[in-house]
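**Q** Right, I'll just put the structure down here and ask away after.
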Amino acid sequence: MAVFAAGYLLSSLLRGITAALAPFFTREFGVSPAELGLLAGSYFASFALLQLPMGMFLDRYGVRAVMVGSLSIAALSCLAFAAALSFPGLLWARLLIGIGVSACLIAPLTAARLWTPVPMQQRINSWMLMAGALGLVMGTLPSESIATAFGWRPLFAALGVLFAVVAVVIALRAPRHERSGAAGPGGLLASYGSVVRAPYTWKIGAVGLFNYAILVAIQTLWIGPWLTDVGGETVRGASTGLLAINGIMLVVFLVMGYLSPYIIRSPDDAEVLLRRFTPLGIGMLIWIAALGPAAQWYHFAAYCVAAWPLSVTHPLVGQRFGPSEAGRALAFFNLLLFVGVFLWQWSFGLMVTALSGPYGTEASYRLALSALALLSVVGYAAFVTLPSSKPSVAPAPTGRASPSAEDGTTP
């Protein structure tokens, strides 16, 4: 799984780098908060758009082929971003980046669902998210420092080269797997029929669309502008705060990766965790909005830590569906998640832009964050009230390796 983790690390770096490099884009291209939200959110929009095809491809053709193809696109799109000469050029290149990294999480989680027992799936998920947190760390102060010293264009060119290296390693080293044909011969939408019809898809999907998406939207973009525009921090101070937040989350995912097989032994355990602790994250978001300019990076860090239980949703989705549907179930959940991220990142920027004139910058940020807190309440309420009927699931694997792997090993 290490080579997959490297790809997810790079994709997470790109996910959050807009927050750290926002001043560079504002200075060079004169982007407004609404345009900044669109630029950051475009990654998630194209990412979401590709989830359904990627899920079908994973179930039909296997992890290795999908990852090599998608990472090759990511490499080329980073080079295109580095060469962009206008805001539209940046926007189109970032849309392509979202396409290129669209399988970086669901591919390894699909592999884990097929190859490992339930308790280990939560561990793999936590450690994949740890790699993602490391990527977010590298997308804050380190990326801002590199961009300051050498420029943001060489930084993106280097990322393109790194994506190409990961794609080559996966092509050469990852085991080949038989095509399962599990997605069936039908078209794209028809292949998702059983997933869409399952009531559980929408029950857990509410958490993804609202709670989880809002967490990602805030963590990967709006913490930095809040710290500078509302809290009065310098760009370097905000980058340092983002570095600390993502460093803390890296440690949280590392620790919970060790503990998860002991505290989450079944999908029901994961649901109990969500029911009990999701309100803590919502409460932290409301508190930050109330604090206004007094909210510092450590308040946002507390929010991210309190919202950690949301990370159990991906393995939970895979476990509630059979192995033949795991890729599509995870892809559909990711579709809801990243559509939400795009919507909340962009709408937050639109609210700040629209309200800052009549109400001022501080009030506009606080009102926008309060709106996200209210949407979080909606998502949690849907999760605890919607019917809990679950799809019938094939028995979970008891070993570590996939019987379909030609060499009997996992990457």
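The values are calculated or read from the model by the stated rules, or taken from the named source; none is laboratory data. What you are looking at is a predicted structure, and each value in this text was computed from that prediction instead of being measured. Here Cβ is always computed from backbone atoms with ideal geometry, including for glycine, and neighbour counts include all displayed protein chains. In case anyone asks, the SASA skips ligands and DNA or RNA and just uses the protein heavy atoms, side chains included. Shrake-Rupley method; radii C 1.70, N 1.55, O 1.52, S 1.80 Å.
**Q** Can you name every residue in the range 232-248 that is of a type in the set (Gly, Ala, Ser) and crowded, with 22+ Cβ neighbours inside 10 Å?
**A** Filtering the range 232-248 down to residues of a type in the set (Gly, Ala, Ser) leaves 232, 237-239, 241, 244, 247.
Matches in the range 232-248: Ala238, Ser239, Gly241.
**Q** Given the conditions (1) at pLDDT 95 or above; (2) in contact with a Lys or Arg (Cβ under 6 Å, 6 or more places away or on another chain), report the number of the one that Thr220 does not fulfil.
**A** Among (1) at pLDDT 95 or above; (2) in contact with a Lys or Arg (Cβ under 6 Å, 6 or more places away or on another chain), Thr220 violates only (1).
**Q** Could you check the range 31-108 for helices (runs of 4 or more DSSP H) lying wholly inside it with 2 or more residues that are among the small types (Gly, Ala, Ser)? Don't jump to the end; show me each part of the working.
**A** Values: elements: 33-49, 51-61, 63-83, 87-100.
Of the helices (runs of 4 or more DSSP H) lying wholly inside the range 31-108, those with at least 2 residues that are among the small types (Gly, Ala, Ser) span 33-49, 63-83, 87-100.
**Q** Could you check how many residues of the range 1-39 are in contact with a Gly (Cβ under 8 Å, 6 or more places away or on another chain), within 30 Å of Arg113 (Cβ to Cβ) and at pLDDT 80 or above?
**A** Selection size over the range 1-39: 9.
**Q** Can you run down the residue pairs with Cβ atoms below 7 Å, 6 or more apart or on separate chains, where the first is in the range 23-44 and more than 27 Å from Phe333 (Cα to Cα) and touching a residue at least 40 places away in the same chain (Cβ under 8 Å) and the partner is open to solvent by 40 Å² or more (accessible area, probe 1.4 Å) and part of a helix (DSSP H, G or I)?
**A** So the pair list comes out as Pro23/Val235; Ser32/Thr353; Pro33/Thr353.
**Q** In the range 279-300, how many are of a type in the set (Gly, Ala, Ser) and surrounded by 22 or more Cβ atoms within 10 Å (Cβ to Cβ)?
**A** Looking only at that region, the number is 2.
**Q** Let me ask something else. Quick check, is Ala363 at pLDDT 85 or above, surrounded by fewer than 20 Cβ atoms within 10 Å (Cβ to Cβ) and on the phi < 0 side of the Ramachandran plot? Let's see the steps before the verdict.
**A** Details: at pLDDT 85 or above: yes; surrounded by fewer than 20 Cβ atoms within 10 Å (Cβ to Cβ): yes; on the phi < 0 side of the Ramachandran plot: yes.
Taking the combined requirement at face value, the residue satisfies it.
**Q** Further question: If we scan the range 60-82, do we find a residue that is under 16 Å from Thr220 (Cβ atoms), in contact with a helix residue (DSSP H, G or I) (Cβ under 7 Å, 6 or more places away or on another chain) and in contact (Cβ under 8 Å) with a residue 24 or more places away in the chain? Before the answer, list the steps.
**A** Kept after step one, since they are under 16 Å from Thr220 (Cβ atoms), are these residues of the range 60-82: none.
Among the residues of the range 60-82, not one is under 16 Å from Thr220 (Cβ atoms), in contact with a helix residue (DSSP H, G or I) (Cβ under 7 Å, 6 or more places away or on another chain) and in contact (Cβ under 8 Å) with a residue 24 or more places away in the chain, which makes the answer no.
**Q** Among Leu369, Leu374, which is in a helix (DSSP H, G or I), of a type outside the set (D, E, K, R), over 30 Å from Ala107 (Cβ atoms) and open to solvent by 60 Å² or more (accessible area, probe 1.4 Å)?
**A** Values: Leu369 fails: open to solvent by 60 Å² or more (accessible area, probe 1.4 Å).
Just a single option satisfies the conditions, and that option is Leu374.
**Q** In the range 18-42, what residues are open to solvent by 20 Å² or more (accessible area, probe 1.4 Å) and either among the charged types (D, E, K, R) or within 18 Å of the chain's Cα centre (by Cα) (or both)?
**A** Arg27, Glu28, Glu35, Leu38
**Q** Which count do you get for residues in the range 110-168 that are outside any helix (DSSP H, G or I) and among the β-branched types (Val, Ile, Thr)? First the steps, then the outcome.
**A** Filtering the range 110-168 down to residues outside any helix (DSSP H, G or I) leaves 116-117, 139-140, 151.
Imposing the further condition that a residue be among the β-branched types (Val, Ile, Thr) reduces the set to 116, 140.
Number satisfying all stated conditions: 2.
**Q** Which of the residues spanning the range 140-154 are aliphatic (A, V, I, L, M) and in contact (Cβ under 8 Å) with a residue 24 or more places away in the chain?
**A** Keep residues of the range 140-154 that are aliphatic (A, V, I, L, M), which gives 141, 146-147, 149.
Those that are aliphatic (A, V, I, L, M) and in contact (Cβ under 8 Å) with a residue 24 or more places away in the chain: Leu141, Ala147.
**Q** Search the range 132-154 for residues being crowded, with 24+ Cβ neighbours inside 10 Å and modelled with pLDDT of 85 or more, and hand back the single one that is nearest to the chain's Cα centre (by Cα).
**A** To start, the set of residues in the range 132-154 that are crowded, with 24+ Cβ neighbours inside 10 Å comprises 132-133, 135-137, 139-140, 143-144.
Keeping just the survivors that are modelled with pLDDT of 85 or more gives 135, 143-144.
On the way: Gly135: 11, Ser143: 19, Glu144: 21 Å.
In this case the residue turns out to be Gly135.
**Q** May I ask you to say which residue of Arg64, Arg60, Arg15 is closer than 22 Å to Thr240 by Cβ and either surrounded by fewer than 24 Cβ atoms within 10 Å (Cβ to Cβ) or among the basic types (Lys, Arg) (or both)?
**A** Details: Arg64 fails: closer than 22 Å to Thr240 by Cβ; Arg60 fails: closer than 22 Å to Thr240 by Cβ.
Exactly one of Arg64, Arg60, Arg15 is closer than 22 Å to Thr240 by Cβ and either surrounded by fewer than 24 Cβ atoms within 10 Å (Cβ to Cβ) or among the basic types (Lys, Arg) (or both), namely Arg15.
**Q** Does Leu85 meet the test of being open to solvent by 40 Å² or more (accessible area, probe 1.4 Å) and hydrophobic (A, V, I, L, M, F, W, C)?
**A** Working: open to solvent by 40 Å² or more (accessible area, probe 1.4 Å): yes; hydrophobic (A, V, I, L, M, F, W, C): yes.
Yes; evaluated as a whole, the condition is true for this residue.
**Q** Out of the residues in the range 103-126 that are within 14 Å of the chain's Cα centre (by Cα) and in contact (Cβ under 8 Å) with a residue 60 or more places away in the chain, which is surrounded by the most Cβ atoms within 10 Å (Cβ to Cβ)? Spell out the reasoning first.
**A** We begin by selecting, within the range 103-126, every residue within 14 Å of the chain's Cα centre (by Cα); these are 103-109, 125-126.
Keeping just the survivors that are in contact (Cβ under 8 Å) with a residue 60 or more places away in the chain gives 104-109, 125-126.
Numbers: Cys104: 31, Leu105: 24, Ile106: 29, Ala107: 28, Pro108: 25, Leu109: 25, Asn125: 26, Ser126: 24.
Here the residue is Cys104.
**Q** Can you spot a residue in the range 340-348 that is more than 15 Å from the chain's Cα centre (by Cα), open to solvent by 10 Å² or more (accessible area, probe 1.4 Å) and not polar (S, T, N, Q)? Show your work before the answer.
**A** Taking the range 340-348 as the starting set, the residues that turn out to be more than 15 Å from the chain's Cα centre (by Cα) are 346-348.
Filter again for open to solvent by 10 Å² or more (accessible area, probe 1.4 Å), leaving 346-347.
Still in the list and also not polar (S, T, N, Q): 346.
Yes, some residue in the range 340-348 is more than 15 Å from the chain's Cα centre (by Cα), open to solvent by 10 Å² or more (accessible area, probe 1.4 Å) and not polar (S, T, N, Q).
**Q** Hey, another quick one. Within the group Val317, Val251, Val216, Val312, which residue is open to solvent by 30 Å² or more (accessible area, probe 1.4 Å) and within 20 Å of the chain's Cα centre (by Cα)?
**A** Details: Val317 fails: open to solvent by 30 Å² or more (accessible area, probe 1.4 Å); Val216 fails: open to solvent by 30 Å² or more (accessible area, probe 1.4 Å); Val312 fails: open to solvent by 30 Å² or more (accessible area, probe 1.4 Å).
Just one listed residue meets the conditions, Val251.
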